[in-house]
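Contents: one structure, followed by commentary.
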Amino acid sequence: MLPSLNGGGAERAAVHILNHLPADRWDRSMFLFSKTGPYLDELGPSIALASGSGGGRLAQWQSLRAYVRRTRPQIVVSFLSYFSVLTAVRAAAVGARVVFNQQTPMSAFLEDGDYPWRRGWRRAVFNQATRTGYAAADLIVTTSKGVADDLVAAFGVRRDRIAVVPNPVDVEAVTRAAAQPIDPEYQSRWTHPVIVAAGRLAEAKNYPLLIDAIAELRKQVDVRLFILGTGELEPAIRERIRERGLEASIILCGFQKNPWKYIAKADVFALSSRYEGFGNVLIEAMACGVPVVATKSAGTTDIIRHGVDGLLVDRHDSSSLSRALATLIADPNALTRMSAAAVQGAERFALPRIAQLYDETLMGALA
């Protein structure tokens, strides 16, 4: 169950997981509050797709409850909208197990300026609702050990109610897409060394930090940064680039249906997020054979093997990030070695392996 198939990692992961659970063991369906989003076309034909009847939150909740009563599933996995799903399934009273898929460290989410929960009474309500709701779920699947640790430490979730299963990445599809050429409008500006970053232009991704790091790095080397993505902070990010005098060196490419063809032709992939619950894009970059440099957070430490297939930056400041990027760019041997290791590392998260882990985890929840 999801609100829609718009957006990022959770939606893509849900589609991949459903598509690849064994069809001989699972009857698979997906319920959306709103039948929209770019991943609709990727949902397999054997997946039963249903959606709400529109209207406000109460109408959506009632649609989900009615759907659960009609179809009587044994297990419902909620990707987002956890409390609506939990209460609707319990109200349907069909005995279904409820599993939350938790992609984000909740403590970091509460500090995110994009959301209203971090202030005043809203934070207190959110904290209590989280404690109550997560205690009532049958299982919480987290995408990283850091996300699990945060739920235990900050919200009192029992460790034995949590399973850590990373998001899957379709490594074969990424590799095929990465072979395509980049668009001609960017080809003339693609002068090495090149750094690529990708993700929503939002506070959590902390692009101002990356821009400041590039400003420092360019004192040593004539580097280019290409940023793939759109978001509400695009005007502010463009202004930051202008203030630093980097209009010729940092190129905003907007949304790219195939970001991997850009990532694969970079020297380094950079991620400057304030926090990540996982970081699918890091694995996708690794699958493209590109070493990664990322700020350290709950999710990135489960992906990057520091010094093997990338570098983790402990301090979230521009000097530390700039030094890490400079270290890789200045060492062709390290780039070659880490590139090979990155391809190997991405296989740990390949779709068939993670689908099998989900199969085992969900069967365990039923047992």
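Just so it is clear, none of the values below were taken in a lab; they were calculated from the coordinates. This is a predicted model, so every value here is computed, not measured. Methodologically, a virtual Cβ is constructed for each residue, glycine included, from the backbone with ideal geometry; neighbour enumeration extends over all protein chains shown.
Name the lysines eligible as straight-distance cross-link partners of K219: C-alpha to C-alpha under 21 Å, and not fewer than 8 places from it in the same chain.
Straight-distance partners of K219: none at all.
Give the separation of the Cα centroids, the range 218-288 to the range 14-91, in Å.
Answer, in whole Å: 33.
Which loop-located GluC sites (Glu not before Pro) does the range 177-264 contain, where loop means any DSSP state but H, G, I, E or B and the Cβ has at most 14 other Cβ atoms within 10 Å?
E232, E247
For the range 203-268, give the magnitude of the charge dipole about the Cα centre (Cβ charges: +1 Lys/Arg, -1 Asp/Glu; no others), in debye to the nearest 20.
Value, rounded to 20: 280 debye.
For the residues Y134, Y186, what sequence is obtained by ranking on other C-beta atoms within 10 Å, fewest first?
Result, fewest neighbours first: Y186, Y134.
Based only on other Cβ atoms within 10 Å, what is the fewest-to-most ordering of C253, C288?
Neighbour counts put them in this order, fewest first: C253, C288.
Calculate for the chain the 222 nm mean residue ellipticity that helices alone would give, adding -39,500 (n - 2.57) per DSSP H run of length 4 or more and normalising by residue count, nearest 500 deg cm²/dmol.
Calculated mean residue ellipticity at 222 nm is -13000 deg cm²/dmol.
Please list, or write none, the lysines whose alpha carbon is within less than 18 Å of the alpha carbon of K145, excluding same-chain residues fewer than 8 places away.
Within the straight-line limit of under 18 Å, K145 reaches these lysines: K296.
At a threshold of 8 angstrom on Cα-Cα distance, excluding pairs fewer than six apart, so keeping six or more, what relative contact order does the range 171-349 reach in percent?
Computed over the range 171-349, the figure is 24 percent.
Placing +1 at every Lys and Arg Cβ and -1 at every Asp and Glu Cβ, with all other atoms neutral, what dipole size does the chain have around its Cα centre, in debye to the nearest 20?
Result for the chain is approximately 980 debye, rounded to the nearest 20.
Restricting the calculation to Cα positions, tell me the Rg (one decimal) and the Dmax (whole number) of the chain in Å.
21.1, 64
Farthest toward the dipole's positive end in the chain, which of T300, V343, L311, given Cβ charges of +1 (Lys, Arg) and -1 (Asp, Glu) about the Cα centre?
Positive-end residue among those listed: T300.
Using a cut-off of 20 Å between alpha-carbon atoms, which lysines can reach K265, once sequence neighbours fewer than 8 places away in the same chain are excluded?
Answer for K265, where 20 Å is the Cα cut-off: K257, listed by chain and number.
Using packing as a proxy for protection, rank 331-337, 209-215 so that the peptide with the highest average count of other Cβ atoms within 10 Å comes first.
Sorting 331-337, 209-215 by mean packing, highest first, produces 209-215, 331-337.
Take F79, F255 and order them by how many other Cβ atoms sit within 10 Å, fewest up front.
F255, F79
Taking the range 171-349 as the region of interest, what is the percent of Cα-Cα pairs per 10 angstrom bin, listed from the shortest bin to the one with the maximum distance?
Going from the shortest bin to the longest, the percentages are 10, 42, 40, 8, 0.
Filter the trypsin sites (Lys or Arg not before Pro) in the range 227-259 down to the DSSP loop ones having no more than 15 other Cβ atoms within 10 Å, then list what survives.
The qualifying sites are K257.
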